[in-house]
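Chemist: This structure is in structure tokens; I'll ask about it shortly.
The values are calculated or read from the model by the stated rules, or taken from the named source; none is laboratory data. From a predicted model like this one, the values you see are computed outputs, not experimental measurements. Note that we place each Cβ from the backbone using ideal geometry, even for glycine, and neighbour counts take in every protein chain shown. Keep in mind that these areas ignore ligands, DNA and RNA; they rest on the heavy atoms of the full protein, side chains included. Shrake-Rupley method; radii C 1.70, N 1.55, O 1.52, S 1.80 Å.
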Amino acid sequence: MKKSDSIKDSIKAYLEEDLGVGDVTTNAIVPEDHVSKARIIAKEDGIIAGNMFAAGVFMLLDNQFRYEDVESDGEGVKRGDIIAIVEGKTRAILSGERVALNILQRLSGIATLTRRFVDAIEGTETKILDTRKTSPGHRIAEKYAVRMGGGTNHRVDLSEMALVKENHIAVAGSIKEAVKMVRAYSKVPVEVEVKNMTELKQALAEDIDRILLDNWDIESTREAVIFVNKRIPLESSGNMTLERVSEFAKAGVDFISIGALTHSFKSLDISLLHEGA
């Protein structure tokens, strides 16, 4: 299945969840052929993401619907800015409003938080990564929002990259054996999580593509960066906040992965104002 098909199916499911057997209020009051306009407006400052998803909601309800991006995804908005102008069947506007705004608000919230982390490490070469800590069924959209905020996507699913973690190592018996097994099974990139300098040295001796320093303190991270000396990319993770992330970026790691981007964001306040016929 292509990603575009997956997105369309997801939007259809969102609408079915909200509409049930039909919007009884709108269908009772609004004639089927009634056409009107509306504006989607930012009620607070932030970064926009999700226009194409919001447009998809309305277009499923009205295939002649017009959705004009005034502010494109990835752009910053101020309170009161018009994000989009929509025009089409009034039933589509009123019945699709909540689902479209839900998507737009959540994705813009992710993009806004991501941009804050990206801005916090400005001047370094470190990249901000997301994780797989996404809402079930929403990963494609949420990782898209991370990109719109200036972040970089880590693996989208478990098949894209091998990440050998503590439990894998325990089953395999050692880092060496775990990497050997993965390399025999697949040609995907391999990352290994290490707990200390001893494991770091063991991982460095193997045929891998990246090392994850999970929950390392800043002093140990600096020591690791100096020891590795750019021989392999290093990734830091674990309880990263806006206050801590700059310190780790300045330590010289190549990546910082942050689960909070997609599990602890605040939705951006966005509204739709109907303009009538």
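Chemist: Given the peptides 84-93, 212-221, 261-270, arrange them by the average over their residues of other C-beta atoms within 10 Å, most packed first.
Modeler: 84-93, 261-270, 212-221
Chemist: Okay, next question. Given the Cα atoms of region 1-146, and with Rh set as the inverse mean 1/r over their pairs in the Kirkwood sense, what is Rg to Rh to two decimals?
Modeler: Radius of gyration over Kirkwood radius for region 1-146 works out to 1.01.
Chemist: Now a separate question. Once you list every other residue whose beta carbon is under 12 Å from the beta carbon of residue 62, what net charge do they have if Lys and Arg are +1 and Asp and Glu are -1?
Modeler: 0
Chemist: Computed from these coordinates, which is Rg/Rh (Cα atoms, Kirkwood Rh): (1) 0.95; (2) 1.03; (3) 1.09?
Modeler: Calculated Rg/Rh (Cα atoms, Kirkwood Rh): the matching label is (3).
Chemist: Here's something else I'd like to know. Give the lysines whose C-alpha is closer than 20 Å to that of residue 133, dropping any in the same chain fewer than 8 places away, or say none.
Modeler: 3, 143, 165, 266
Chemist: R0 = 45 Å: FRET efficiency of residue 188 with residue 250, Cβ-based, nearest 0.05?
Modeler: 0.90
Chemist: Assign one of three labels to region 1-56, namely rounded, prolate or oblate, based on the Cα gyration tensor with a ≥ b ≥ c the square roots of its eigenvalues; rounded applies when a/c is under 1.5, prolate when it is not and a/b is larger than b/c, and oblate otherwise.
Modeler: It comes out oblate by the Cα gyration axes.
Chemist: Right, next: Hey, what angle do you get for helix 218-228 against the long axis of the chain, alpha-carbon based, 0 to 90 degrees rounded to 10?
Modeler: It is inclined by approximately 70 degrees.
Chemist: Specify the angular offset, from 0 to 90 degrees and rounded to the nearest 10, of the alpha carbon long axis of helix 3-19 from the longest principal axis of the alpha carbons in the chain.
Modeler: In the chain, helix 3-19 runs at an angle near 50 degrees to the longest axis.
Chemist: Further question: Could you tell me how many degrees, from 0 to 90 and to the nearest 10, lie between the Cα long axis of helix 242-251 and the main elongation axis, the longest principal axis, of the Cα atoms of the chain?
Modeler: Once rounded, the angle reads 40 degrees.
Chemist: Per residue, how large is the accessible surface of region 126-277? Use a 1.4 angstrom probe and give square angstrom.
Modeler: Per residue, region 126-277 has an accessible area of 51 Å².
Chemist: Could you tell me what % of all Cα pairs in region 207-277 have separations over 13 Å?
Modeler: Counting every Cα pair in region 207-277, those more than 13 Å apart make up 69 percent.
Chemist: Most fluctuating residue of 158, 101, 60 in a GNM of the chain with Cα springs under 10 Å: which is it?
Modeler: 158
Chemist: Turning to a different aspect of this structure: With the full set of protein chains in place, find how many percent of the accessible area of the chain is carbon and sulfur; take the probe as 1.4 Å.
Modeler: 50 percent
Chemist: Among 192-203, 244-255, how do they line up from the highest to the lowest mean number of other beta-carbon atoms within 10 Å?
Modeler: With the highest mean Cβ count within 10 Å placed first, the list reads 244-255, 192-203.
Chemist: Based on the alpha-carbon gyration tensor of region 109-244 and its eigenvalue square roots a ≥ b ≥ c, which shape applies: rounded if a/c is under 1.5, prolate if not and a/b is larger than b/c, or oblate?
Modeler: In terms of gyration-tensor shape, oblate.
Chemist: Quick one: which of 104-112, 231-239 comes out on top by average Cβ neighbours within 10 Å, and what's the full order, highest first?
Modeler: Packing order, densest peptide first, comes out as 104-112, 231-239.
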